[in-house]
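Novice: If you scroll down you'll find the structure; I have some questions about it.
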Amino acid sequence: MSDKNPLVQLLYISTITPSADTSLSSILASARRNNQANDITGMLMFNGKRFLQVLEGPVEAVEATYDRINLDPRHRAQVVLARRTIAHREFGDWSMAYRDGTGPTDSALYETICAKVADAHPNLRAELTAFARNI
C-alpha cells in the first residue's frame, strides 16, 4: 500500500429484508469474491435479523462496496455507525460470523469473535463484541 492511497474503515449495520434469500453460504462466497477483487478486508456478522459489517481498504473501493450494499434488496435500514481513516488494516483477512446450528456453541463463537477483534480500535471492538453477544 502506498501512503498516497489512504485506507478507510467503515462500520455499518443493516436489517435483512423479511422476504430476502438468506443463503449465508451464498452471501459469504459473494462477499469474499468481491472483497478480494477490491482489496477489502473486514468482518461480517449476522444474527438472523441484522448484519453488522466492517469494511476496510482503499477509500474508493470501500465507498463503492457500501454503495453496492445499499442497493442490495436483502438489506434495509442501513446505518453507518463509524467511518475513519486508518494507518493499517485491523482485519488481515475477511471473515463472517453467524450461527446456523451446525457450528460452534454460542460461547465458542463469541470467544472466536473476541479473539479476532482483540487488536481492533477500542470503539470498534466494543461495537463488535456487543453485537457478537446476540449471534
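Novice: Among the residues of segment 71-82, write down those that are surrounded by fewer than 13 Cβ atoms within 10 Å (Cβ to Cβ) and closer than 20 Å to Glu127 by Cβ.
Specialist: Ala77, Val79, Val80
Novice: OK, next. From (1) modelled with pLDDT of 85 or more; (2) closer than 17 Å to Ala29 by Cα, pick out the condition that doesn't hold for Ala97.
Specialist: That leaves (1) as the condition not met.
Novice: If you don't mind, another one. May I ask you to list pairs of residues, at least six apart or on different chains, whose Cβ atoms are under 8 Å apart, with the first in segment 11-27 being surrounded by 14 or more Cβ atoms within 10 Å (Cβ to Cβ) and at pLDDT 90 or above and the second being among the β-branched types (Val, Ile, Thr) and part of a helix (DSSP H, G or I)?
Specialist: Tyr12/Ile69; Ser14/Ile69
Novice: Among the residues of segment 35-62, write down those that are more than 13 Å from the chain's Cα centre (by Cα) and either of a type outside the set (A, V, I, L, M, F, W, C) or surrounded by fewer than 20 Cβ atoms within 10 Å (Cβ to Cβ) (or both).
Specialist: Gln36, Ala37, Asn38, Asp39, Gly48, Lys49, Pro58, Val59, Glu60
Novice: Taking the condition of being within 15 Å of Arg76 (Cβ to Cβ) and small (Gly, Ala, Ser), how many residues in segment 13-35 meet it?
Specialist: Selection size over segment 13-35: 3.
Novice: Here is a follow-up. Within segment 47-62, work out how many residues are of a type in the set (Gly, Ala, Ser) and at pLDDT 90 or above.
Specialist: Within segment 47-62, residues that are of a type in the set (Gly, Ala, Ser) and at pLDDT 90 or above number 2.
The values are calculated or read from the model by the stated rules, or taken from the named source; none is laboratory data. What you see is a predicted model; the values in this text were computed from it and never measured. Here the Cβ is made from the backbone with ideal geometry for all residues, glycine too, and neighbour counts use every protein chain on show.
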